[in-house]
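None of the figures in this text is laboratory data; all of them are computed from the coordinates on show. The structure displayed is predicted, hence computed values, not measured ones. Quick reminder, even Gly has a Cβ in these numbers, built from the backbone with ideal geometry, and neighbours come from all protein chains shown.
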Amino acid sequence: MRILHTEASCGWGGQEIRILEEAKGLIARGHEVTLACPAAAHIFAAAPRFGVPAVDLPIARKNLAGLFALRRHLAQARPDVVNTHSSTDSWLTALACTALRRSPPVVRTRHISAPVPRNAASRWLYGGAVSHVVTTGEALRLQLIEGSGVAPERVTSVPTGIDTVRFSPADKRAARMALGLAPDGRIIGIVATLRSWKGHLYLLEAFAKLARPEATLLIIGEGPMRGPIEAKVAELQLASRVRLLGQQDKPEDWLRALDIFCLPSYANEGVPQAIIQAMMTGLPVVTTPVGAILEAVNDGETALIVPPKDASALAAAIARLMQEPDLAARLGHAARDRALQRFSRDAMLDRMESVFRNVLREAK
């Protein structure tokens, strides 16, 4: 198949990583996959590292320049199917296809749990302009069906799959030594784009409540909340115990150095890649019941679940894992087993191939 991915976002996070990993995997299976995005986007610069061809199109905003550029590219490249990922490129693609004599079917992937507006424009987009919708979790699928009236047979949940070899347990002490971290002590970590809804500020408040001076918190990721996070670190006088490490190309190295993984999100989540990566690494997880997170973890079986925006509950869960190493080990082992069963990269690729083949068959 000739598959074109479009991405309007210039940011960087799980959504962009999924696009590139999925494209890389389908290229390895013999498909011709290309990415169309603005040259200023982080994903454009990262694409060569994944072996994904990228085309510069001015689609960061909903305007005529982007619409005409996308229409020209579709007419020239003639992909078999287009997979859109953000609101802007989804609208531009849908409109561009109306002006083509032979337009490809469009698959719209929704990566977050933000609701779709109930209006005539959205009904047109989801009800007919796109051939199929993929969500990154079943909770997001049900939300779209119930909240927007999209027919159930037009929506498929395909959680993001993770490389089971790349993300795997390893010797924790050796991992710390390789990263220049103290081999002893307790290390808590979060891997996430620095966005408000990821809950970093609540994690800092929880960390400040822990009476464990030997504990360190690693914050891995970059984003628009860096300033407020740095301010909160200073306010809570945590500078000696919290490290902001920025974007890391090999998060698996850092995950292997952790004792506990936290993701206290309070909005906009599908099944977060970082949680699956932590599970694959065999880490005990503390998180919240937001979006489709509970499709990955169960409270007391593969993670500890706390209410969103509750720093005290978050602190208590972290403290419990630090005080009960047998519980932490049991949760970590069970989390890896569950991740291997449900969230492998091959399973994601199989399901996306099936979605693309189905829409192509229906379009004939």
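Once the Cβ-Cβ distance between M177 and A99 is put in as r, and R0 is 56 Å, what FRET efficiency do you end up with, to the nearest 0.05? Write down the numbers at each step before the final one.
Details: r = 59 Å, r/R0 = 1.05.
E(calc), rounded to 0.05, equals 0.45.
Rounded to whole Å, give me the distance from the Cα center of the range 73-95 to that of the range 208-223. If you average the Cα positions of each part, the centres end up 42 Å apart. Once the Cα atoms are used to define both axes, helix 311-323 deviates from the longest principal axis of the chain by about 60 degrees.
Counted by Cβ distance under 13 Å from L92, the other residues give a net charge of +3, where Lys and Arg count +1 and Asp and Glu count -1.
Angle of helix 14-28 to the longest C-alpha principal axis of the chain, folded into 0 to 90 degrees and rounded to 10: 60°. Estimate the FRET efficiency between R351 and A45 by the formula 1/(1 + (r/R0)^6), using the beta-carbon distance for r and 30 Å for R0, to the nearest 0.05. E(calc), rounded to 0.05, equals 0.60. For the listed residue pairs K232/K309; K172/K250; K198/K309; K62/K198; K172/K198; K172/K309, the alpha carbons are over 21 angstrom apart in K62/K198; K172/K198; K172/K309.
Answer with one residue from P308, I318, A215: the one whose Cα lies farthest towards the positive end of the charge dipole of the chain, charges on Cβ with Lys, Arg +1 and Asp, Glu -1. Farthest towards the positive end: P308.
With respect to the chain, whose longest principal axis is taken over its alpha-carbon atoms, helix 138-148 is tilted by about 50°.
Say a paramagnetic label sat at a point 7 Å from the Cα of E146, along Cα to Cβ; which residues of the range 292-320 have their backbone N under 19 Å from it? Within reach of a label on E146: 292-297, 308. Between R320 and V165, what FRET efficiency comes out of the Förster formula 1/(1 + (r/R0)^6) with R0 = 22 Å and r the beta carbon distance, rounded to 0.05? Once the sixth-power term is evaluated, E becomes 0.10.
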